[in-house]
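Undergrad: Attaching a single structure in structure tokens format; questions to follow.
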Amino acid sequence: MSISATIDRFEDKLAVLRLDDGQELVLPVVNLPSGVREGSRLILEVMTAEEDEAKRVERARQLLNDLLTNKQS
């Protein structure tokens, strides 16, 4: 699931994100991509730890497959 948000403002080392439904989410600036500023749009991906692990395993499997396939060429 993805959630869209806009950086509303910065308060010291925190960023206040305004979600599309008007709610606010406060995150440490260090957790945001570099170069963001007020008004920047962000897409937040929400998933369980199990979903994240499955996604990482599949990505690793794809990379390994690509490496093995390219070596045989």
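The values are calculated or read from the model by the stated rules, or taken from the named source; none is laboratory data. Since the model is a prediction, treat every value here as computed from it, not as a measurement. Cβ sites come from the backbone with ideal geometry, for glycine too, and all protein chains shown count toward neighbours.
Undergrad: When only residues in the stretch 42-73 that are surrounded by 10 or more Cβ atoms within 10 Å (Cβ to Cβ) and either among the hydroxyl-bearing types (Ser, Thr, Tyr) or in contact with a strand residue (DSSP E or B) (Cβ under 7 Å, 6 or more places away or on another chain) (or both) count, which is farthest from Leu14 (Cα to Cα)?
TA: Glu45
Undergrad: On to the next question. Going by the conditions given, is Glu11 modelled with pLDDT of 95 or more and on the phi < 0 side of the Ramachandran plot?
TA: Yes, satisfied.
Undergrad: While we're looking at this one, here's another question. What number of residues within the stretch 1-40 satisfy the criterion of being exposed (fewer than 10 other Cβ atoms within 10 Å of the Cβ), in contact (Cβ under 8 Å) with a residue 24 or more places away in the chain and basic (Lys, Arg)?
TA: 1
Undergrad: Are any residues in the stretch 5-33 among the charged types (D, E, K, R) and either within 19 Å of Val46 (Cα to Cα) or touching a helix residue (DSSP H, G or I) at 6+ places or on another chain (Cβ under 7 Å) (or both), and if so, which ones?
TA: If the condition is that a residue be among the charged types (D, E, K, R) and either within 19 Å of Val46 (Cα to Cα) or touching a helix residue (DSSP H, G or I) at 6+ places or on another chain (Cβ under 7 Å) (or both), then Lys13, Arg18, Asp20, Asp21, Glu24 are the ones that fit.
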